[in-house]
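Peer 1: Before anything else, here's the structure in question.
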Amino acid sequence: MAWLLASFFLFFISSATACDRCVFQSKASHLYESPTTYGGACGYGNLALQFSNGFFAAAVPSLYKQGAGCGACYQVRCKNRRLCNTVGTKVVLTDQNNDNATDLVLSQRAFFTMALNGKGADLLNLGVVDVEYKRVPCEYPSRNLLVRVEESSYNPFKLAIKFFYQGGQTDMIAVDVAQVGTSDWSHMKRSYGAVWETDNVPEGALQLRMVVTSGYDGKWVWAKSVLPANWGVGAIFNTGVQINDIAKESCPPWQCGDGQWK
């Protein structure tokens with residue numbers, strides 16, 4: 001029996017392969033209102049409506065990843081060929097979905113976009129549909145990574161920030177802050193969602209460095225001058241960097257979905 005279990009384990013490991021994206025089968029539902037204001041577990045607030053263009057989603061904890069999944073982009077298409085097109089819709093993850101009945105809860109606009117022409121209302125009326133989805137790169141070609149100073153900040157004693165317009169197919173897994181021109185880095189911790197904070201705030205103008213997943217590992221991204229010495233709550237700053245990396249995923253060959261959905 002032990003030999004059989006070991007053989008099965010080795011077969012499973014050897015059958016897994018690395019690809020840019022894995023395709024998952026599940027169900028999706030939609031919000032029943034189109035919000036003009038937005039909360040969400042990622043902490044984006046109304047900025048979520050702006051940088052997602054209304055194409056956003058809440059996802060189960062395995063995709064939310066305790067906040068590391070915030071800002072990730074997914075392509076989702078429904079499987080009802082009478083109502084659904086074959087391209088689907090692209091959404092940005094902005095919230096956590098705690099309902100195990102569906103992996104994703106899409107905005108109405110995103111859910112409607114999965115439909116064939118003239119079938120949008122019929123699809124919305126279904127409420128819940130079978131879908132397949134895969135993670136895809138977020139594309140913000142004319143946007144650098146931005147940082148917003150959160151309301152819990154208090155210069156110079158506490159700094160809380162969140163990132164948006166994070167491109168590529170990456171998770172942000174670490175953030176450090178230091179005074180510009182020094183190498184005395186202070187580690188920031190994830191407060192919740194896309195928000196990072198520290199009570200050990202360096203003096204003066206601040207630089208940031210972030211670790212994002214890339215390829216089979218991670219890489220440092222360095223923003224050499226981001227926050228001025230007089231940074232304040234609510235201010236948004238340009239990091240001057242763009243993130244376009246692709247983090248590899250591991251799944252069986254039949255689950256890889258590197259091809260485009262057309």
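The values are calculated or read from the model by the stated rules, or taken from the named source; none is laboratory data. As the structure is a computational prediction, the values presented were derived from the model and not from experiment. FYI the Cβ positions are ideal-geometry reconstructions off the backbone, even for glycines, and counts take in every protein chain you see. To get the accessible areas, we keep the full protein, side chains included, count just its heavy atoms, and leave off ligands, DNA and RNA. Shrake-Rupley method; radii C 1.70, N 1.55, O 1.52, S 1.80 Å.
Peer 1: Provide a single number: the residues in region 233-258 that are part of a loop (DSSP other than H, G, I, E, B) and either among the polar types (S, T, N, Q) or under 13 Å from SER214 (Cβ atoms) (or both).
Peer 2: Residues meeting the conditions: 6.
Peer 1: Among the acidic types (Asp, Glu) and buried (at least 18 other Cβ atoms within 10 Å of the Cβ): which single residue out of ASP95, ASP122, ASP130, ASP99 fits that description?
Peer 2: After ruling out the rest, the residue left standing is ASP95.
Peer 1: Please go through region 127-150 and pick out each residue that is under 22 Å from GLN25 (Cα atoms) and in a strand (DSSP E or B).
Peer 2: Matches in region 127-150: VAL128, VAL129, ASP130, VAL131, GLU132, TYR133, LYS134, ARG135, VAL136, CYS138.
Peer 1: Taking ALA59 as meeting all but one of (1) crowded, with 23+ Cβ neighbours inside 10 Å; (2) out of contact with any strand residue (DSSP E or B) (no Cβ under 6 Å at 6 or more places or on another chain), write down the number of the exception.
Peer 2: (2)
Peer 1: Continuing with this model, one more query. Restricting to region 63-84, count the residues that are of a type outside the set (S, T, N, Q), under 19 Å from the mean Cα position of the chain (by Cα) and not in a loop (DSSP other than H, G, I, E, B).
Peer 2: Within region 63-84, residues that are of a type outside the set (S, T, N, Q), under 19 Å from the mean Cα position of the chain (by Cα) and not in a loop (DSSP other than H, G, I, E, B) number 8.
Peer 1: Can you find even one residue in region 89-110 that is within 20 Å of PRO141 (Cα to Cα), touching a strand residue (DSSP E or B) at 6+ places or on another chain (Cβ under 9 Å) and assigned to a helix (DSSP H, G or I)?
Peer 2: No, every residue in region 89-110 fails to be within 20 Å of PRO141 (Cα to Cα), touching a strand residue (DSSP E or B) at 6+ places or on another chain (Cβ under 9 Å) and assigned to a helix (DSSP H, G or I).
Peer 1: Assess whether VAL87 counts as being in the same structural domain as GLY118 (by the TED database), open to solvent by 30 Å² or more (accessible area, probe 1.4 Å) and either under 9 Å from the mean Cα position of the chain (by Cα) or at pLDDT 95 or above (or both).
Peer 2: yes
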